[in-house]
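This report refers to the structure that appears directly beneath it.
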Amino acid sequence: MTTLTPDTIAHLAAHLERAELEAFAVDKITDDHPGMDEDDAYAIQHEIRRRKIGRGARIVGYKAGLTSRAKMRQMGVETPSYGFLADYFAVPDGGEVAMAELIHPKVEPELAFVTKAPLRGPSCHMAQVLAATDFVLPAVEIIDSRYRDFRFDVNSVIADNSSSSRFVLGGRMGRLEDQDLPSLGVVLEKNGEPVAFGAGAAVLGHPASAIAMVVNLLGRRGEELPAGSIVLSGSITEAIAVQAGDAVTMRAQGLGSLSVRFR
Ligand code: OOG
Ligand code: MG
């Protein structure tokens, strides 16, 4: 049940999307709307998605957020969430991100699932996710909260598309038959120094659980996850802040590596 009026939802979506497109920080929206609930927050996020589609953007998939203890602890938010991924968020492996387009980005090592069959909630199980997965790939998500000082609560961050900003896929396609995802190790390096480490189990015990969670939350809104979607698992480690001049590499056990630079 939403508590905000359709006008307020549209206004807040326009406000947060402008902050994204013009790269400026804003106050968290729950300061002015303390009574808003999770349904309001997703309604705002979906209104941002609708605005982008209206301008010709394509939705290529979704991302799970706040699915590891490391992330929950870092952000002080304990509720996993999702956001959408638009086509222009994608950065090629080895590519460059212009700091001028972002506010205060951070990088996160994740696993991307690419689906070959549609998935529908509300009772999607991890096993169905595995059956519908074509392959997995290492991914670096670049998050960029539109909120001042990267500080928010659960409903503010959901409305802000769960801080989605850019993502990089790379490395090698992994077939699930060959993978032990909970024990798959990852290393994140910044300027050649290892800065964060983890294994797939950090994400809800098994990264496929995070994909099931996204499908079930989409199902609550009557939406299915189409075949051919990219879904990011959520960060395995805490997120690492980056600045102009930084180079970031993710290494994933058996799945190669990928890199991105910030200028
Ligand atoms: C929210 C998004 C979190 C992840 O992988 O956990 C996220 C945030 O921390 O800004 O993308
Ligand atoms: Mg993430």
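The values are calculated or read from the model by the stated rules, or taken from the named source; none is laboratory data. Note that this is a predicted model, so its numbers are computed, not measured. Positions of Cβ are generated from backbone atoms using ideal geometry, with glycine treated the same way; all protein chains shown enter the neighbour counts. To get the accessible areas, we keep the full protein, side chains included, count just its heavy atoms, and leave off ligands, DNA and RNA. Shrake-Rupley method; radii C 1.70, N 1.55, O 1.52, S 1.80 Å.
Computed from label points 7 Å out along Cα-Cβ, the spacing between Asp134 and Ala10 is 3.7 nm.
Think of the chain as a dipole: +1 on every Lys or Arg Cβ, -1 on every Asp or Glu Cβ, centred on the Cα centre; then among Gly219, Phe152, Leu169, Leu169 lies furthest on the positive end.
Pairs of Cα atoms nearer than 8 Å and 6+ residues apart set the relative contact order; for the chain it is 27 percent. Less than 11 Å Cβ to Cβ from Arg148, Lys/Arg counted +1 and Asp/Glu -1: what total charge do the surrounding residues give? Net charge around Arg148: 0.
Sites listed here are trypsin sites (Lys or Arg not before Pro) in segment 21-89 whose DSSP assignment is loop and whose Cβ has at most 16 other Cβ atoms within 10 Å: Arg55, Arg58.
For the chain, the solvent-accessible area with a 1.4 angstrom probe is 41 square angstrom per residue.
Placing +1 on the Cβ of every Lys and Arg and -1 on the Cβ of every Asp and Glu, with nothing else charged, gives segment 208-263 a dipole about its Cα centre of roughly 120 debye.
As a fraction of the 1.4 Å probe accessible area of segment 59-262, surface on carbon and sulfur atoms comes out at 50 percent.
The gain in end-to-end length when the Asn191 to Ser259 segment is fully stretched comes to 23.4 nm, 0.36 nm per residue minus the alpha carbon separation. Rounded to the nearest 20, the Cβ-based charge dipole of the chain about its Cα centre (Lys and Arg +1, Asp and Glu -1) stands at 460 debye.
Model label sites at Asp178 and Ala100, defined 7 Å from Cα along the beta-carbon direction, differ in position by 4.2 nm. The GluC sites (Glu not before Pro) found in segment 67-109 that occupy coil by DSSP, while having at most 13 further C-beta atoms within 10 Å, are Glu78. Taking square-rooted eigenvalues a ≥ b ≥ c of the alpha carbon gyration tensor, is segment 153-212 rounded, prolate or oblate, where a/c under 1.5 means rounded and, failing that, a/b exceeding b/c means prolate? Oblate.
The residues neighbouring His46, those whose beta-carbon lies less than 13 Å from its own, together hold a net charge of -1 under the Lys/Arg +1, Asp/Glu -1 convention.
For segment 13-56, the fraction of 1.4 Å probe accessible surface lying on carbon and sulfur atoms is 45 percent.
Ellipsoid fit via the Cα gyration tensor, segment 59-262: semi-axes of 24, 20, 15 Å, each the root of five times an eigenvalue, largest first. With a/c under 1.5 counting as rounded, go ahead and sort segment 1-129 into rounded, prolate or oblate using the C-alpha gyration tensor (a ≥ b ≥ c being the square roots of the eigenvalues; past the cut-off, prolate if a/b is larger than b/c, else oblate). Rounded. With a threshold of 25 Å on the Cα-Cα distance, the over-threshold entries among Lys28/Lys190; Lys28/Lys106; Lys52/Lys190 are Lys28/Lys190; Lys52/Lys190. Of Glu38, Glu20, Glu110, the residue with the largest accessible area leads and the full order is Glu38, Glu20, Glu110 (1.4 Å probe). GNM remark for the chain: springs join alpha carbons under 10 Å apart, and the peak mean-square fluctuation among Pro34, Pro138, Pro194 falls on Pro34.
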